[in-house]
Amino acid sequence: RECPRLKWIQMSWAGTDVYTMREGFPRKVKVTNAKGCFQVVIGEYIVAVLLELCRNLKQYNAQQQEGIWRQLQSETLLYGKRILILGAGDVGMGAAKRLKAFGTYITGRRRTERNYPDCFDLMITEDRLEEELPKADVVIGCLPGTMATRGLLDERRLRMMKKGAFLVNVGRGNLIHTDALTQLLKEGHLGGAALDVTDPEPLPSD
């Protein structure tokens with residue numbers, strides 16, 4: 001608003017809502033995002049955190065620092081897992097391509113039905129989300145921040161997830177109801193969560 005000559009903002013990330021969702025954003029300003037830049041880096045992040053969750057790498061690292069060895073019984077393989085990716089755009093497709101190599105079954109969720117790449121085994125729309133949530137061993141959020149995606153994974157839907165399932169979010173923090181997720185993790189309903197984005201962001205120290 002204070003830059004009368006401003007014509008164009010080039011974002012350094014994929015989401016533009018940090019500007020466009022704000023009241024009073026000048027509509028004459030062109031905003032372009034960095035779609036296509038994150039397929040590899042976020043795809044590799046998702047693989048990394050899922051391997052960490054499956055193989056208890058964080059807990060074993062803590063043991064290493066303490067100089068102790070104790071076998072953890074909850075280790076599992078990524079191989080054979082059923083994965084639900086919410087958002088089958090650039091980032092979601094990057095994750096699917098990489099996770100397919102691990103022998104996983106991948107379902108994507110997007111707004112409209114159309115042809116989809118063979119890195120997905122199945123593609124669904126919003127009306128089938130609650131049908132697929134209980135089947136998934138892993139749920140990955142790759143959705144932008146919109147009114148339609150805000151709070152999509154509320155407590156009711158989080159409780160639909162399979163006991164012991166993993167949740168990863170790399171889209172927008174407000175996809176997930178934070179207090180509900182915290183409660184389900186405390187209860188042990190979910191096997192773990194990896195959050196590249198949070199609500200609020202950054203999280204408070206406690």
Can you find, among I68, L185, V197, the residue sitting farthest towards the positive end of the charge dipole of the chain, where Lys and Arg contribute +1 and Asp and Glu -1 at Cβ?
V197
Given labels modelled 7 Å from the Cα in the Cβ direction, how far is it in nm from R156 to R128?
2.2
Rank these residues by their accessible area, most exposed first, probe 1.4 Å: E75, E201.
E201, E75
Segment 25-85-segment 104-158 distance, computed between alpha-carbon centres (Å):
18
Contour excess over end-to-end distance, with Cα ends at K35 and W69 and 0.36 nm allotted per residue
7.8 nm
For K28, counting only lysines whose alpha-carbon sits under 21 Å away and dropping same-chain residues fewer than eight positions off, the answer is K7
Helix axis angle, 90-100 relative to the chain longest principal axis, alpha carbon, degrees:
20
Mean-square fluctuation maximum in Gaussian network of the chain, Cα pairs under 10 Å, restricted to K100, K30, K186, hits K30
If you place +1 on the Cβ of every Lys and Arg, -1 on the Cβ of every Asp and Glu, and leave all else neutral, what size is the dipole of segment 82-206 about its Cα centre, to the nearest 20 Debye?
320
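Stokes-Einstein diffusion coefficient for segment 87-206 at 4 °C in a medium of 1.567 mPa s, Rh from the Kirkwood formula over Cα pairs: what value in µm²/s?
88
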Helix 178-187 against the longest principal axis of the chain: what's the angle in degrees, Cα atoms only, rounded to the nearest 10?
0
Mean-square fluctuation maximum in Gaussian network of the chain, Cα pairs under 10 Å, restricted to E131, E155, E187, hits E187
Fraction of accessible area attributable to carbon and sulfur, segment 17-160 (%, probe 1.4 Å):
52
In a shell of Cβ-Cβ distance under 15 Å around R5, excluding R5 itself, what net charge do Lys and Arg (+1) and Asp and Glu (-1) give?
+3
Approximate spin-label separation K186-D121, in nm, with each point projected 7 Å along Cα-to-Cβ:
3.6
Using alpha-carbon pairs under 8 Å, 6+ residues apart, how would you state the relative contact order of segment 84-158 in percent?
35
Selected from A136, A34, A180 as most flexible by GNM, with the chain as the system and alpha-carbon contacts under 10 Å:
A34
Could you list, in their original order, any pairs among K58/K162; K97/K186; K30/K97 whose Cα atoms are separated by more than 30 Å?
K97/K186; K30/K97
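Would you mind checking K100/K163; K35/K163; K100/K135 for any pair whose Cα atoms are more than 28 angstrom apart?
The answer is K35/K163.
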Spatial extent of the chain: Rg and Dmax, with the Cα atoms as the point set, Å
18.5, 63
First measure r as the distance between the Cβ atoms of T20 and T198, then evaluate 1/(1 + (r/R0)^6) with R0 = 25 Å and state the FRET efficiency to the nearest 0.05.
0.75
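The values are calculated or read from the model by the stated rules, or taken from the named source; none is laboratory data. Bear in mind that the values here come from a model prediction, so they are computed numbers and not experimental data. Every residue, glycine among them, receives a Cβ derived from its backbone with ideal geometry; neighbour counts consider all protein chains shown. Only protein heavy atoms, including side chains, enter the accessible area calculation; ligands, DNA and RNA are left aside. Shrake-Rupley method; radii C 1.70, N 1.55, O 1.52, S 1.80 Å.
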